[in-house]
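Engineer: Questions regarding the structure given below will be posed in turn.
The values are calculated or read from the model by the stated rules, or taken from the named source; none is laboratory data. Predicted, not measured: the structure shown is a model, and the values here were computed from it. Note: ideal-geometry Cβ built from the backbone for every residue, glycine included; neighbour counts use all protein chains shown. These accessible areas exclude ligands, DNA and RNA; they are computed on the full protein's heavy atoms, side chains included. Shrake-Rupley method; radii C 1.70, N 1.55, O 1.52, S 1.80 Å.
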Amino acid sequence: MQKTNVTIAPSIMSSDLLNLERSVRDIEKEGIDTLHIDIIDGSFSPSMPLGIDTVKQLRKITNIDFDVHLMGNDNEFLIQEMINIGVEQISFHLETSIHVDRYVNLIRNSGAKVGVALTPSTPLTSLEYILPQCDTVLLMLINPGFATDKNEKQIPYAVQKISDLKKLIEEKGLNTRIEVDGRVSLESIPDLVGAGADILVAGSTSLFIKGRSLGENKIIMEEKISEGLSKREALK
Ligand SMILES: O=C(CO)[C@H](O)[C@H](O)COP(=O)(O)O
């Protein structure tokens, strides 16, 4: 399979939470170099699958890149904790941020990559001034934190929002990567990648689909990514 620049970022909260070390080893064995870690504070949204100490423990056992998605209200506190641990990318939500430039600078000065996350209905206009300072924009395609709620479906305007963001990034001549998260399923990957998604957060509807091994699911994901890249080429 041809290597593409679309990143598969397994969401550790979708793996076996009772065997995190084994999940990390399985992910490493597949040559995956990014781990998506959701930190949810129970107030921003109701679940609390992983905590700060989980990230600390994970850091001790692996050098894989940590792509941390903060879903909390106290961004300054959480960002500082992640910086202290030493993670490679930190994304925080604009909806819970007043001091956005301050958070961007905190993350940038630590050497980590800067990500700004948007819940599904937050318009792209909210990125107007901050986009040039972002390495990544994380578009949530379900309401963040509700991954275990099976009634939570991918938003119907996912492809539209990704292609609108891609256009904005290209118009401004930026290299910002688009990360998508929430029901990034085997079925939806070709359209999401076709529209411009660069980082796919892989959870229960792709990499961790039960009944197949991680390796088997990864091969199918790669096929779907190739399909998406062909679509993207055709749309040019
Ligand atoms: O951020 C998340 C939920 O807020 C999870 O990372 C994501 O939902 C996992 O993927 P899937 O929806 O395919 O299980």
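Engineer: Can you confirm whether V114 is buried (at least 21 other Cβ atoms within 10 Å of the Cβ), under 26 Å from A147 (Cα atoms) and out of contact with any Asp or Glu (no Cβ under 6 Å at 6 or more places or on another chain)?
Structural biologist: Spelling it out, it is not the case that V114 is buried (at least 21 other Cβ atoms within 10 Å of the Cβ), under 26 Å from A147 (Cα atoms) and out of contact with any Asp or Glu (no Cβ under 6 Å at 6 or more places or on another chain).
Engineer: In addition: In contact (Cβ under 8 Å) with a residue 24 or more places away in the chain and more than 10 Å from the ligand (Cβ to nearest atom), is that true of I39?
Structural biologist: yes
Engineer: Could you run through the stretch 117-129 and say how many residues are open to solvent by less than 10 Å² (accessible area, probe 1.4 Å) and more than 16 Å from the ligand (Cβ to nearest atom)?
Structural biologist: 1
Engineer: Within the stretch 31-44, can you find the residues that are open to solvent by less than 60 Å² (accessible area, probe 1.4 Å) and in contact with a strand residue (DSSP E or B) (Cβ under 8 Å, 6 or more places away or on another chain)?
Structural biologist: Selection gives I32, T34, L35, H36, I37, D38, I39, I40, D41, F44.
Engineer: Which residue, of T7, T62, is surrounded by fewer than 20 Cβ atoms within 10 Å (Cβ to Cβ), at pLDDT 95 or above and touching a strand residue (DSSP E or B) at 6+ places or on another chain (Cβ under 9 Å)?
Structural biologist: T62
Engineer: Consider only pairs whose beta carbons are under 7 Å apart and that are at least six residues apart or on different chains; among these, list those whose first residue lies in the stretch 152-163 and is of a type in the set (A, V, I, L, M) and whose second residue is assigned to a helix (DSSP H, G or I) and surrounded by fewer than 20 Cβ atoms within 10 Å (Cβ to Cβ).
Structural biologist: V159/D191
Engineer: Out of everything in the stretch 10-25 that is in a helix (DSSP H, G or I) and either within 10 Å of the ligand (Cβ to nearest atom) or in contact (Cβ under 8 Å) with a residue 24 or more places away in the chain (or both), what residue ends up being most open to solvent (accessible area, probe 1.4 Å)?
Structural biologist: Top of the filtered list is E21.
Engineer: Output yes when any residue across the stretch 208-222 is open to solvent by less than 50 Å² (accessible area, probe 1.4 Å) and outside any helix (DSSP H, G or I), and no when none is.
Structural biologist: yes
Engineer: Further question on the same structure: I'd like to check something: does the stretch 199-210 contain any residue that is within 16 Å of the ligand (Cβ to nearest atom) and free of Cβ contacts under 8 Å to residues at least 12 places away in the same chain?
Structural biologist: Among the residues of the stretch 199-210, at least one is within 16 Å of the ligand (Cβ to nearest atom) and free of Cβ contacts under 8 Å to residues at least 12 places away in the same chain, which makes the answer yes.
Engineer: Which condition from (1) in contact with a Ser or Thr (Cβ under 9 Å, 6 or more places away or on another chain); (2) modelled with pLDDT under 95 is the one that S91 breaks?
Structural biologist: (2)
Engineer: Let me ask something additional. Residues to consider are E76, E28; find the one that is open to solvent by 10 Å² or more (accessible area, probe 1.4 Å), of a type outside the set (S, T, N, Q), over 26 Å from E152 (Cα atoms) and under 18 Å from the mean Cα position of the chain (by Cα).
Structural biologist: Sole residue among the options that is open to solvent by 10 Å² or more (accessible area, probe 1.4 Å), of a type outside the set (S, T, N, Q), over 26 Å from E152 (Cα atoms) and under 18 Å from the mean Cα position of the chain (by Cα): E28.
Engineer: Okay, moving on. From the residues in the stretch 45-59 that are of a type outside the set (S, T, Y) and open to solvent by less than 50 Å² (accessible area, probe 1.4 Å), which one is nearest to the ligand (Cβ to nearest atom)?
Structural biologist: Filtering first and then ranking leaves P49.
Engineer: Given (1) touching a Gly at 6+ places or on another chain (Cβ under 7 Å); (2) open to solvent by 40 Å² or more (accessible area, probe 1.4 Å); (3) within 16 Å of the ligand (Cβ to nearest atom), identify the lone condition not met by S163.
Structural biologist: Only one criterion is unmet by S163, namely (3).
Engineer: Further, regarding this structure: Taking K231, is it touching a Pro at 6+ places or on another chain (Cβ under 8 Å), farther than 16 Å from L35 by Cα, part of a helix (DSSP H, G or I) and within 16 Å of the ligand (Cβ to nearest atom)? Before you say what the answer is, go through the steps one by one.
Structural biologist: Working: touching a Pro at 6+ places or on another chain (Cβ under 8 Å): yes; farther than 16 Å from L35 by Cα: yes; part of a helix (DSSP H, G or I): yes; within 16 Å of the ligand (Cβ to nearest atom): no.
No, not satisfied.
Engineer: If you go through the stretch 135-149, how many residues are more than 10 Å from the ligand (Cβ to nearest atom) and surrounded by fewer than 22 Cβ atoms within 10 Å (Cβ to Cβ)?
Structural biologist: Selection size over the stretch 135-149: 2.
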